[in-house]
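Bear in mind these aren't lab numbers, they're just calculated from the coordinates by the rules spelled out. Remember, predicted model here, so these are calculated numbers, not experimental data. Note that we place each Cβ from the backbone using ideal geometry, even for glycine, and neighbour counts take in every protein chain shown.
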Amino acid sequence: MTLFSGTGVRVIGLISGTSIDGIDVAAAELRADGDTVVLSPLGRLEVPYPETLREALLDALPPNPCSAEQLTKLDTLVGQAFGEAAARGIEELAGGEADVVASLGQTVFHWVEDGAVRGTLQLGNPAWIAERTGLPVVADLRVRDVAAGGHGAPLASTLDALWLREMAASGPVAALNIGGIANITVVPADGADSAVLAYDTGPGNALMDIAAHRVTGHRADIDGALALRGQVRPDLLAKLLLDPYYAAAPPKSTGKELFHGAYLDTALDGLPPVGAEDLLATLTELTAVTIAAECRRHAITTLIVSGGGADNPALMATLAKNLPGTALKTSDDHGLPRAGKEAYLTILLGWLTWSGVPGNLPSATGARGDRLLGSITPGAGPLRLPAPLTSTVTRLRVAATTGER
């Protein structure tokens, strides 16, 4: 990767994950120091979606029908919500000053057919963010990788390959993000970019959240309370594990277009009744078992967890049970807040594009080669991009974190 020289660039990062709880916002200053990207976090916050918007987004997800009218309205409303979130990030995290905003948007559909990704759709038109903040916006970061034959995911591989390279010197290391979908980045002992793998392992919180909402009305199994009281149903677990996605070779990606309420209903059909606590215990086991299988496949010695699933004690305990001998840590242990890692990823991706540098990792996404990701929407003034510098950056160092909100 070639980056530009000079002073640091202050970036605001925005993303809403597949759980659709709200918008994760982070601010950071980035600069190149020899072969190292130095990322200095300035803080993060979470901006909840208005409940009406969240419900409208959930209603638009497969297998529900969705019209062009719905998508147009949602694209605008999400863009406006992201614009307000960016404005808060600038004032509350960045001291009122930033250079550029990066947005990964709100994924509503990931079109996978015969193991290949044909398209992907993220809502939250960047024009609304630019209009609200006056800053240029880097957005649509997944589509170019898809157009080049990749999966457009997990883009976390770009950050993880740089971040974990030194740690992998003592053995293969993996970064795991557990959101609605769980994804893993495997950095082998030699640390070479061409050997890094990243892919979705299957459902993270998606099926657990659906089951918990049906039973309790809450968005999730809070503190894993139901799962901790339940027992795994071997018949249901065995049926769920028959899904061909788990046997498919990487690179691969998936989403809520596969793991949704109707999918769960199909799995339960024909089985003796499954109580709420046993259902949550079984779905928690499914997530842990499918993640653990991939870790064993790559002989992972250390697993660094981030995302909402890292806050679920039932899931973390089940994961530890399935990975004896593997050191389990969270990204907090290495400077990136586990709830905000994807927002910092967005910052890194936006900065690379802003600098004219490819942001994908072909070995992980399956793309035909390195690609400059996304598009840039100008802010209030003329668009002035920095001049690239031909120096190769192979590592990422996270400076001391200032805090969260």
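Hey, got the dipole for segment 142-244? About the Cα centre, +1 on K and R Cβ, -1 on D and E Cβ, debye to the nearest 20?
Dipole about the Cα centre, nearest 20: 360 debye.
Tell me, what is the percent relative contact order of segment 1-146, built from C-alpha pairs under 8 Å that lie six or more residues apart?
25
Two-decimal Rg/Rh of segment 151-310 from alpha-carbon positions, Kirkwood Rh?
Value, to two decimals: 1.00.
Please get the size of the charge dipole for the chain, origin at its Cα centre, with Cβ charges of +1 on Lys and Arg and -1 on Asp and Glu, quoted in debye to the nearest 20.
Rounded to the nearest 20 debye, it is 640 debye.
Counting only Cα, what are the radius of gyration and maximum Cα-Cα distance Dmax of segment 12-166, in Å?
For segment 12-166, the Cα radius of gyration and maximum Cα-Cα distance read 16.3, 51 Å.
Karplus couplings for segment 151-158 from phi (6.51 cos²θ - 1.76 cosθ + 1.60, θ = phi - 60°), rounded to Hz, Gly and Pro as x?
In residue order, the calculated couplings are 8, x, 6, x, 6, 4, 4, 5 Hz.
Charges on Cβ only, +1 for Lys and Arg, -1 for Asp and Glu, centred on the Cα centroid of segment 1-136; of ALA130, GLY13, VAL112, which one is farthest towards the dipole's positive end?
Of the listed residues, the answer is ALA130.
What Rg and what Dmax come out for segment 1-72 when only alpha-carbon atoms are used, in angstroms?
18.0, 51
Longer than 24 Å from Cα to Cα, which of LYS239/LYS341; LYS252/LYS341; LYS239/LYS321 are they? Say none if no pair is.
LYS239/LYS341
Could you grab the relative contact order for segment 288-405? Cα pairs under 8 Å, six or more apart, rounded to a whole percent.
Here the relative contact order equals 20 percent.
Specify the residue with the greatest mean-square fluctuation among SER103, SER194, SER19, computed from a Gaussian network of the chain linking alpha-carbon atoms under 10 Å apart.
SER194
Report D for the chain in µm² per second (integer): Stokes-Einstein, Kirkwood Rh on Cα pairs, 25 °C, 0.890 mPa s.
116
Rg and Dmax of segment 60-111, using alpha carbons, in Å: what are they?
According to the Cα coordinates of segment 60-111, Rg and Dmax are 14.4, 43 Å.
Just the C-alpha atoms of segment 128-217: what Rg/Rh do they give, with Rh taken as the Kirkwood radius?
We get a ratio of 1.11 for segment 128-217.
Taking one equal scatterer on every alpha-carbon of segment 237-283, how large is log10 of I(q)/I(0) by Debye at q = 0.19, 0.21, 0.29 1/Å?
Result of the Debye calculation: -0.71, -0.84, -1.26.
Which value in Å does the Kirkwood hydrodynamic radius of segment 289-405 take, with 1/r averaged over all unlike C-alpha pairs and then inverted?
17.3
Can you give the net charge of the other residues whose Cβ lies under 12 Å from the Cβ of ASP221, counting K and R as +1 and D and E as -1?
In short, -1.
More than 22 angstrom separation, counting every C-alpha pair in segment 263-344; what % is that?
When every Cα pair of segment 263-344 is considered, 37 percent fall beyond 22 Å.
Take the Cα gyration tensor of segment 213-266, multiply each eigenvalue by 5, square-root it, and list the three semi-axes largest first, rounded to whole angstrom.
Semi-axes (√(5λ), whole Å): 24, 15, 12.
For segment 317-374, what are the per-bin percents of Cα-Cα distances with bins 5 Å wide, up to the bin holding the maximum?
Computed distribution, short to long bins: 4, 16, 14, 15, 17, 15, 10, 7, 2.
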